[in-house]
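*Asks:* Before anything else, here's the structure in question.
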Amino acid sequence: MKITPELYGDMTRQASPKSNYRVNITAAFLVGGAICALGQIILSVLEAYGFDRTEAGTWTSIILVGISAVCTGFGWYSKLAKHAGAGTLVPITGFSNAISSAAIEARSEGLVLGVGAKIFTIAGPVILFGCSAAAVYGLIYYFMSR
């Protein structure tokens, strides 16, 4: 039997699960918004306790990354992501989840060759290009401000 592109397209449509886009988009929006609202609450509380805006922002990021790592460790983050989709991937918590889950999966291979080597498989390119972009932008800013 020869499979034509049209036949393949029909087979794919029949085998693919149906997706309710309105529900998925709404869930992603609400969960992503809730994560960002939590970050804003943490930021406001820290500022109320006397932290300046920069310190409060730094501690907010650290707290959100920590919460995400703990939730990943207990398996809660993947359950949330199953229903919320991109709402859990976009904020900083999604980045923390990516790093934490890679480390958790590789722990059976040991600390050095498992966790140490594989923790950056997902995050490595982001860190590399983020640091590279920061260095380039820093140089541009330096030379433009002279």
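The values are calculated or read from the model by the stated rules, or taken from the named source; none is laboratory data. Just so you know, these numbers come straight off a predicted model, no measurement behind them. Cβ placement follows ideal geometry from the backbone for every residue including glycine, while neighbour counts extend to all protein chains displayed. Areas reflect the complete protein model, heavy atoms only, side chains present, ligands, DNA and RNA absent. Shrake-Rupley method; radii C 1.70, N 1.55, O 1.52, S 1.80 Å.
*Asks:* Could you order the peptides 134-143, 26-35 from most to least packed, using the average number of other C-beta atoms within 10 Å per residue? Working shown, then result.
*Replies:* Working: 134-143: 9.7, 26-35: 16.4.
Final packing ranking: 26-35, 134-143.
*Asks:* Nearest 20 debye, what's the magnitude of the dipole of the chain about its Cα centre given +1 on Lys and Arg Cβ and -1 on Asp and Glu Cβ?
*Replies:* Numbers: 10 positive and 7 negative charges, 77 e Å.
The calculation lands at about 360 debye.
*Asks:* Dividing the alpha-carbon Rg of the chain by 2.2 N^0.38 Å yields what? Mind showing how you got there, number by number?
*Replies:* Details: Rg = 20.7 Å, N = 146, 2.2 N^0.38 = 14.6 Å.
The chain yields a ratio of 1.42.
*Asks:* Of the candidates Ser19, Ser44, Ser101, which one comes out as most mobile in a Gaussian network treatment of the chain with C-alpha springs shorter than 10 Å?
*Replies:* In this elastic network of the chain, the residue with the biggest mean-square fluctuation among Ser19, Ser44, Ser101 is Ser19.
*Asks:* Given the whole protein assembly as supplied and a 1.4 Å probe, what does the accessible area of Trp76 come to in Å², nearest 10?
*Replies:* Surface accessible to solvent at Trp76 totals approximately 140 Å².
*Asks:* Return a whole-number percent for the relative contact order of the chain, with Cα pairs under 8 Å and 6 or more residues apart as the contact set. Working shown, then result.
*Replies:* Values: 96 pairs, mean separation 28.8, N = 146.
Worked out over the chain, it gives 20 percent.
*Asks:* What FRET efficiency comes out for the pair His83/Phe129, r = Cβ-Cβ distance, R0 = 25 Å, nearest 0.05? Working shown, then result.
*Replies:* Details: r = 30 Å, r/R0 = 1.20.
That pair, His83 with Phe129, gives E of 0.25.
*Asks:* Mind checking segment 1-64 for trypsin sites (Lys or Arg not before Pro) that DSSP puts in a loop (not H, G, I, E or B) and that have at most 13 other Cβ atoms within 10 Å?
*Replies:* Values: sites: Lys2, Arg13, Lys18, Arg22, Arg53; in loops: Lys2, Lys18.
Filter output for segment 1-64: Lys2, Lys18.
*Asks:* Another one. Taking 0.36 nm per residue of sequence separation and subtracting the Cα-Cα distance, how much length would be gained by fully extending the chain between Ile3 and Thr58, in nm to one decimal? Display every interim value, and only then the final one.
*Replies:* Working: separation 55, 0.36 × 55 = 19.80 nm, distance 5.56 nm.
Additional length available on full extension: 14.2 nm.
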